[in-house]
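Each remark here refers to the structure printed beneath this line.
The values are calculated or read from the model by the stated rules, or taken from the named source; none is laboratory data. Model, not experiment: these values are computed from the prediction. FYI the Cβ positions are ideal-geometry reconstructions off the backbone, even for glycines, and counts take in every protein chain you see. Calculation scope for accessible area: heavy atoms of the full protein, side chains included, ligands and nucleic acids excluded. Shrake-Rupley method; radii C 1.70, N 1.55, O 1.52, S 1.80 Å.
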Amino acid sequence: GPATTTPDVTLLRRGEEQLLAYTDRLENLNSLSQDIAGTLSVEVVIERSLSRIVTTSGFDFAVVRFSTEVAGRAFYGVGRNPWSQMDLDQLWSQLGTDFEQCFWECRNPWFVEDVAATPELAMAAQNNKIKSLAVLPLTHGDSPRATLTLLSAEAHIFGAEEKQFLQTTAQQIALAVENARLYGASV
């Protein structure tokens with residue numbers, strides 16, 4: 001019938017949105033590589049990366065945690081809205097000890113679309129505003145363990161492209177941290 005000849009506008013619009021998101025991600029990775037090349041300060045690279053992720057990905061918080069202090073800190077966090085370190089500490093502790101354990105044992109990226117439906121986070125789901133999260137290990141081998149965690153107060157579906165982008169971003173941050181360590185800059 002005539003319905004099949006009209007282009008599906010919603011489909012076109014969705015394609016456009018995906019393309020824009022993809023372009024955004026490429027620009028992010030490009031800026032991130034430039035930051036890494038341009039500065040050896042771990043703090044600057046981490047904070048810029050986290051801000052970018054929060055601005056473009058729809059997450060409320062982006063956090064990098066180290067098993068030992070790096071540049072004098074073991075915890076770097078950036079939030080979408082103004083917040084205090086205390087808010088973040090509270091959010092984090094609400095995720096519970098099971099999460100903390102999984103978090104440090106995590107060797108592969110862990111994407112949680114629904115915190116409430118995840119056994120390891122059952123405790124956390126009860127009293128937490130976090131609905132979905134992603135945990136991306138930043139280090140391998142014998143370097144101090146570091147992990148990038150993204151937290152969202154909204155349910156979040158991770159598409160294949162986004163997962164790829166987040167993993168690439170994590171690798172870039174890991175590279176920056178490793179570079180800074182090798183050059184002994186502010187570590």
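Taken over the range 118-142, the criterion of being at pLDDT below 90, open to solvent by less than 20 Å² (accessible area, probe 1.4 Å) and under 18 Å from ALA74 (Cβ atoms) is satisfied by LEU138 alone.
The residue pairs whose first member lies in the range 145-169 and is under 25 Å from GLN94 (Cβ atoms), whose second member is of a type in the set (Phe, Trp, Tyr), and whose beta carbons are closer than 6 Å, counting only pairs six or more residues apart or on different chains, are ALA146/PHE66; LEU150/PHE59; LEU151/PHE61; SER152/PHE59; PHE158/PHE111.
Does VAL64 satisfy the criteria of being buried (at least 16 other Cβ atoms within 10 Å of the Cβ) and outside any helix (DSSP H, G or I)? Criteria met by VAL64.
Annotation note: Cβ proximity below 9 Å between a residue of the range 96-120 that is within 17 Å of SER67 (Cα to Cα) and a residue that is exposed (fewer than 15 other Cβ atoms within 10 Å of the Cβ) and among the hydroxyl-bearing types (Ser, Thr, Tyr) (sequence gap 6+ or interchain) occurs for GLU100/SER93; TRP104/SER67. Screening the range 164-183 for residues that are modelled with pLDDT under 85 and open to solvent by 60 Å² or more (accessible area, probe 1.4 Å) and picking the one that is nearest to THR149 (Cα to Cα) gives LEU175. Entry remark, the range 73-103: residues being under 20 Å from ALA174 (Cα atoms) and either assigned to a loop (DSSP other than H, G, I, E, B) or in contact with a Ser or Thr (Cβ under 7 Å, 6 or more places away or on another chain) (or both) number 3 in total. Annotation note: of VAL42, VAL70, VAL64, the sole residue that is modelled with pLDDT under 75, under 17 Å from LEU138 (Cβ atoms) and not aromatic (Phe, Trp, Tyr) is VAL70.
The residue list GLU161, GLU113 contains one member that is at pLDDT 80 or above and surrounded by fewer than 13 Cβ atoms within 10 Å (Cβ to Cβ), which is GLU161.
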